[in-house]
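The values are calculated or read from the model by the stated rules, or taken from the named source; none is laboratory data. Bear in mind the structure is a predicted one, so any value in this text is a computation, not a measurement. We place every Cβ from the backbone using ideal geometry, glycine too, and count neighbours over all the protein chains shown. Just the protein is used for accessible areas: all its heavy atoms, side chains included, with ligands, DNA and RNA removed. Shrake-Rupley method; radii C 1.70, N 1.55, O 1.52, S 1.80 Å.
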Amino acid sequence: MAEKKHSIWVFGDYRNYFQNRVTLQLLSRANDLAKMIDAEVCATVFGHEVDEWVGEYIAHGASKVYVCDHPALTFYSTDIYVVLMERLVRQYGPEIILVGATSFGREFAPRLAKRLKTGLTADCVGLDINDEGLLVQTAPAFGGSLLTRIVTPEKRPQMATVRPGVFQEIPHNYQAAGEIVNVPLPDDLPGDRIRLVSSERQAAREQKLGDASVVVCGGRGMGSRKKFRNLYELARVLGGEVGATRPVVYAKWADEDALVGQADKHISPKVLFSFGISGAIQHTAGIKNAGFIIAVNKNPNAAMMKMADVAIVADAGQVCTALIRELKKRIRS
Amino acid sequence: MLKMIVCMKQVPMVSDLPWDPITGTLTRGAAEGMMNPACKHALEAALLLKEKHDGHITAITMGPPSAEEILREAIALGADRCLMVSDPKMAGADTLATSFTLARAIEIFCPDFDLILCGCHTSDSETAQVGPQLSEELDIPSIASVESLELREKTLRITRVSDHFLETLEMDLPGLVTIATGRFIPRYASMAGLGDAFQDPGILTVGARDLGLDEHDVGLKGSATRILDIFTPVGRKENIVLTGAPKKIVEELFERFDDAIGSVIRKDLKAEK
Ligand SMILES: Cc1cc2nc3c(=O)[nH]c(=O)nc-3n(C[C@H](O)[C@H](O)[C@H](O)COP(=O)(O)OP(=O)(O)OC[C@H]3O[C@@H](n4cnc5c(N)ncnc54)[C@H](O)[C@@H]3O)c2cc1C
């Protein structure tokens, strides 16, 4: 195959591979973009015993993977990864670098961009190439109520962090061929200035709500603890999780874990059912990444109803019961 | 003495977002400002450290002259000193230019700091980039989205949740942290504090020249990114309203949206023929 003019790099963020597929989603989008600017798609993987991820990235669209595999890289380290990546970028000169907007990515990418003295757009929800061949990065502002389109006209590489769930991953192909470039750990690597005292994977519970593709959220409008419990049955039928507003948690209709809202209680389901919730900003701050929203409220003017795709004006408890019945009828087998 | 710097930004109040619904652009001039919520949490974290460790807090903001208000607020809440970095040439700065400018101001006006605290992100542009980039620019270690912190001698021990991992980390000062919202619930200003803020709070204002910076280093000219346009995501939601008896509504919901819902739960929701 002929040498490509450019390369597009995707940072391999494998730490939560099974829950967070953003790296795969970026490999997919990078392949689309690569066709527009004659580029090859590369991934980087830093860590220890990372063969599995290298294989996965090739199967999902990387034609080359730069791998630095070393025991010193067992734990994610922003300090070390930034230095490693900076050196690789200076050596190979990618045109574009895409990083998943995970907690790690959002700390790593700004520091890398600063060292490279280039531009970075945060938390993108769209990536395209314009007529001048520039990467057009669409990013939300003001909690998603505005979108901004941003380019980096001169500095290289063009860098973006991208929100998980925006792009579709390519189905894996374990026959795909990819070149593996082994990068030795530089022996003049500066020491890590941060000491890791402990790192524990969080209980699965909290992750489940945050990662669920269907969430059934209930508010005070459910009327009683008993009726609220029906939401759990609805969630079960839908294969989803239950979320709650603050008054509901205070009333002990739901556990503290179920709270959705500001203070980092964010969810991003593809489908969100919202029952008897007024839509206070402290709550809606936590659902701004939700996809299709179905809201049920007696009051058609509630803020929650205004931000819904489908606004159902009716009693929340009754709609919940009707939904369960109808779903059970339709989901055969 | 623990010498702290809190970097803060004035942001428009989100509730009355000043965008023009027809052109879809921001009318920034009309926006009423407030201290960015996450910066308030950062200030609170600094105030708690100050109470425990005999600290001194310098509040710094870069922004238009109106941003002085948030520095007064910081004084009212307990900051000791303020630095206002303001210059028309600095307008339109991206995070690269902002962190560069803040770093130069810190090097000149408070070079002997122990700890810099920033909000984890702003409510307007939401990049979360300035804090980490400022630490690179000053060549000091940093930790983002910190949820608790404890100081022993010159070592800071923090906890945070990062991608489903509860991490405990240590960093020797000088260093930088960005503070997550959630913990560090901001306090209200005391009457005495308000008095201080409204008497001469002694805010030092500096411009590009005071920092020895050229116009090419700061603001839009010093930025790597360019905004092409800002728009409202129009037509995103159809907002279909369904009314009537619950049973009928639910049937209609599935007739119209069986694919939208079915594809996510991976079930065929078509009614039996
Ligand atoms: C500092 C602070 C932080 C907060 N953090 C959070 C947070 O993280 N998460 C959070 O959720 N809240 C939070 N809150 C609270 C928030 O401001 C709201 O009070 C809360 O979200 C409202 O919950 P709700 O919608 O369930 O109740 P309500 O606002 O009381 O709304 C109930 C809704 O149900 C509707 N309704 C009533 N009866 C029926 C019926 N039979 N059928 C259908 N609809 C019906 C009503 O029309 C109304 O719209 C916070 C508040 C503060 C001050």
- Message: Order A:307-316, A:48-57 from most to least packed using the mean count of other Cβ atoms within 10 Å.
- Response: A:307-316, A:48-57
- Item | Heavy-atom accessible area per residue - chain A, 1.4 Å, Å² | 43
- Query: Given a Förster radius of 41 Å and the C-beta distance between residue A:168 and residue B:210 as r, what FRET efficiency does 1/(1 + (r/R0)^6) yield to the nearest 0.05?
  - Reply: 0.20
- Task: Treating each Cα of segment B:38-124 as an identical point scatterer and ignoring solvent, apply the Debye formula and state log10 I(q)/I(0) at q = 0.16, 0.23 Å⁻¹.
- Result: -0.65, -1.36
- Query: So which residue, out of A:278, A:213, A:224, gets the largest mean-square fluctuation from a GNM of chain A using Cα contacts under 10 Å as springs?
  - Reply: A:224
- Just the number, please: percent antiparallel of the DSSP beta bridges in the protein assembly as shown, rounded to the nearest 5. 35
- Item | Globularity index of segment A:209-332, i.e. its alpha-carbon radius of gyration over 2.2 N^0.38 Å | 0.93
- Item | Cα-based helix-to-principal-axis angle, B:68-77 vs chain B, degrees rounded to 10 | 80
- Note on the structure: Phi angles of segment B:145-155, converted by Karplus (6.51 cos²θ - 1.76 cosθ + 1.60, θ = phi - 60°) into ³J(HN,Hα) in whole Hz with x for Gly and Pro, give 6, 6, 9, 8, 9, 9, 10, 10, 6, 10, 10
- Message: Can you tell me, using C-alpha contacts under 8 Å and at least 6 residues apart, the relative contact order of segment B:3-206 as a whole percent?
- Response: 27
- Item | Cα pair distances exceeding 32 angstrom across chain A, given as percent | 39
- Heavy-atom accessible surface buried between B and A, both sides counted, 1.4 angstrom probe, nearest 100 Å², is 7100
- Set the Förster radius R0 to 51 Å, insert the Cβ-Cβ distance between residue A:35 and residue A:232 as r into 1/(1 + (r/R0)^6), and round the FRET efficiency to 0.05. 0.65
- May I ask for the angle, rounded to the nearest 10°, between helix A:22-37 and the longest principal axis of chain A, with both axes built from Cα atoms and the value confined to 0 to 90°? 60
- Task: First compute the accessible area of the protein assembly as shown with a 1.4 Å probe, then give the percent of it belonging to carbon and sulfur atoms.
- Result: 51
- Longest to shortest principal axis, alpha-carbon extents of segment B:151-273, angstrom: 76, 42, 38
- Task: Using the Kirkwood radius over Cα pairs, work out the Stokes-Einstein diffusion coefficient for segment B:3-206 at 4 °C and 1.567 mPa s, in µm²/s as a whole number.
- Result: 75
- Two decimals is fine: what's Rg over Rh for segment B:87-189, C-alpha atoms, Kirkwood radius as Rh? 0.98
- Subtracting the Cα-Cα distance of residue A:197 and residue A:130 from 0.36 nm times their residue separation yields 19.5 nm
- Give the relative contact order (percent, whole number) for segment A:209-332; include only Cα pairs under 8 Å separated by 6+ residues. 25
- Shape of segment B:208-249 from its Cα gyration tensor (a ≥ b ≥ c, root eigenvalues): rounded if a/c is under 1.5, otherwise prolate when a/b > b/c, or oblate? prolate
- Note on the structure: Bounding extents of segment A:6-182 in its principal axis frame from Cα atoms, largest first in Å, are 42, 34, 32
- Query: At what distance in angstrom do the alpha carbon centres of segment A:63-97 and segment A:224-298 lie from each other?
  - Reply: 40
- Considering only DSSP beta bridges with both partners in segment B:3-206, what is the antiparallel share in %, to the nearest 5? 40
- Query: Taking springs between alpha-carbon atoms closer than 10 angstrom, which of B:257, B:113, B:165 fluctuates most in the Gaussian network model of chain B?
  - Reply: B:257
- For the residue pair residue B:268 and residue A:185, what label-to-label distance in nm results when each label sits 7 Å from Cα along the Cα-to-beta-carbon direction? 5.4
- Query: Using modelled backbone amide H atoms (1.01 Å from N, in-plane), which distant-in-sequence or interchain residues come within less than 5 Å of residue A:141's amide H?
  - Reply: A:146, A:147, A:148
- Solvent-accessible area lost in complex, 40 Å² minimum, residues of segment B:116-134 relative to chain alone, 1.4 Å: B:124, B:126, B:129, B:132, B:133
- Task: Please give the per residue accessible area of segment B:3-206, computed with a probe of 1.4 Å over protein heavy atoms only, in Å².
- Result: 40
- Antiparallel %, DSSP beta bridges [both residues in segment A:209-332], to 5: 5
- Item | Theoretical ellipticity at 222 nm over the protein assembly as shown - DSSP helices of four or more residues, -39500 (n - 2.57) apiece, nearest 500 | -9000 deg cm²/dmol
- Note on the structure: Taking GluC sites (Glu not before Pro) as exposed when in a DSSP loop with at most 14 other Cβ atoms inside 10 Å, chain B has its longest clean stretch at B:33-152
- Message: Defining a contact as two alpha carbons under 8 Å apart and six or more residues distant in sequence, what relative contact order in percent does chain A show?
- Response: 14
- Query: How big is D, in µm² s⁻¹, for the protein assembly as shown by Stokes-Einstein at 10 °C and 1.306 mPa s if Rh is the Kirkwood radius over C-alpha pairs?
  - Reply: 62
- Note on the structure: Taking placed amide H atoms and a strict 5 Å upper bound, the residues 5 or more places from residue A:162 or on another chain that come that close are A:99, A:100, A:101, A:123, A:124
